[in-house]
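The next block holds one structure in the form of structure tokens; read it before the comments.
The values are calculated or read from the model by the stated rules, or taken from the named source; none is laboratory data. Predicted, not measured: the structure shown is a model, and the values here were computed from it. Every residue, glycine as well, gets a Cβ built from its backbone with ideal geometry; the counts of neighbours run over all protein chains shown.
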Amino acid sequence: MKTSFLLLLSLLLVSCTPAAPSTMQIVDVYATAAAQPWLEELYSCAQDVSVALNVTSDAPQIQLRLGQLDGWTGPVFQVGTEEIVVAANLQSPLGNLTHDQAKAIFSGQGDASTQVWAYSSGEDIQRAFELAVMNGRSVTSFARLAVNPAHMSEALSADVNAIGFLPRRWMTSRLRELFVAATVPVLVLTPSEPGGLLRDLIACMQK
């Protein structure tokens, strides 16, 4: 009787012992401000391959950006494209622009009442815009600086005389498109050739 009781107790203890939690691989990722909407797709792909993402700018294993990073020598994978749109307030007096008209305005040669907005020189969208519209030259030094596309969108929405540029995914119903400045690749940069789950994540985004 005693032996049966001990056997039953042992079985109960085994059945009540929680299973060891499965370890999920964590991947460090980073997206520039302009490329942040693409993080949603990366999160979706991470769920498909059971990966947890940690967003950090400190040595990320995957970096999302618009256009190539100067001096980058590691692997590069294109996962999409994004249009850079010159935009203004819905009530802006400006009409649709040509390339030359956009270049003149962002060079500081437009109407004095027009307030130009841009980003800091280190931002990927600023670099792409200057290559496409300004022939590699800088935007006027009188431009006000937006810290990110969300700030740019708010600034343009609040001022009928403001003009700036945004990735199309950042456009809102409060803004009007004046000119498509460029179509640029959305890139994934990795410090070394990806394998395993990293390769699966990138392949998922490329579908």
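What pairs come out if I take residues in segment 69-91 that are at negative phi and pair them with residues that are among the charged types (D, E, K, R) whose C-beta lies under 6 Å away, six or more apart or interchain?
Taking only residues 6 or more apart or on different chains, the pairs are Pro75/Glu193; Glu83/Arg168; Val85/Arg168; Val85/Glu177; Ala87/Glu177; Ala88/Arg176; Leu90/Arg176.
Quick test for you: out of Ser153, Ser157, Ser138, pick the one residue that is assigned to a loop (DSSP other than H, G, I, E, B), assigned by TED's automatic domain parsing to the domain that holds Gln101 and of a type in the set (Ser, Thr, Tyr).
None of the other options fit; the residue is Ser138.
Go through segment 133-158 and give me each residue that's within 21 Å of the chain's Cα centre (by Cα) and charged (D, E, K, R).
Matches in segment 133-158: Glu154 only.
Taking the criterion of being surrounded by fewer than 19 Cβ atoms within 10 Å (Cβ to Cβ) and touching a Lys or Arg at 6+ places or on another chain (Cβ under 6 Å), would at least one residue in segment 154-163 satisfy it?
yes
Please go through segment 27-61 and give me each residue that is of a type in the set (A, V, I, L, M, F, W, C) and either assigned to a helix (DSSP H, G or I) or touching a Ser or Thr at 6+ places or on another chain (Cβ under 6 Å) (or both), ordered by number.
Ala33, Ala34, Ala35, Trp38, Leu39, Leu42, Cys45, Ala46
Please enumerate the residues belonging to segment 62-105 that are within 19 Å of the chain's Cα centre (by Cα) and surrounded by 20 or more Cβ atoms within 10 Å (Cβ to Cβ).
Within segment 62-105, Ile62, Gln63, Leu64, Arg65, Leu66, Gly67, Val79, Glu82, Ile84, Val85, Val86, Ala87 meet the criteria.
If I ask for residues that are under 24 Å from Arg127 (Cβ atoms) and without any contact (Cβ under 8 Å) to a residue 24 or more places away in the chain, which ones from segment 37-46 would you list? Walk me through it before giving the result.
Here is the first cut: in segment 37-46, the residues under 24 Å from Arg127 (Cβ atoms) are 37-42.
Listed by number, the list holds a single entry, Glu40.
Restricting attention to segment 172-199, report how many residues are in contact with a helix residue (DSSP H, G or I) (Cβ under 8 Å, 6 or more places away or on another chain) and in contact (Cβ under 8 Å) with a residue 60 or more places away in the chain.
11
Restricting attention to segment 4-58, which residues are touching a strand residue (DSSP E or B) at 6+ places or on another chain (Cβ under 6 Å), of a type in the set (Phe, Trp, Tyr) and modelled with pLDDT under 90?
Matches in segment 4-58: none.
Given the residues Thr81, Thr73, which is the only one that is under 21 Å from Glu193 (Cβ atoms) and either modelled with pLDDT of 95 or more or part of a loop (DSSP other than H, G, I, E, B) (or both)?
From the options Thr81, Thr73, the qualifying one is Thr73.
Pull out all pairs, ordered by first then second residue, where Cβ-Cβ is under 8 Å, the residues are six or more apart or on different chains, the first lies in segment 96-125 and is within 30 Å of Gln63 (Cα to Cα) and not assigned by TED's automatic domain parsing to the domain that holds Ala33, and the second is among the charged types (D, E, K, R) and in a helix (DSSP H, G or I).
Ser121/Arg127
Restricting attention to segment 128-150, which residues are closer than 16 Å to Glu82 by Cβ, small (Gly, Ala, Ser), surrounded by 15 or more Cβ atoms within 10 Å (Cβ to Cβ) and out of contact with any Gly (no Cβ under 6 Å at 6 or more places or on another chain)?
Ala132
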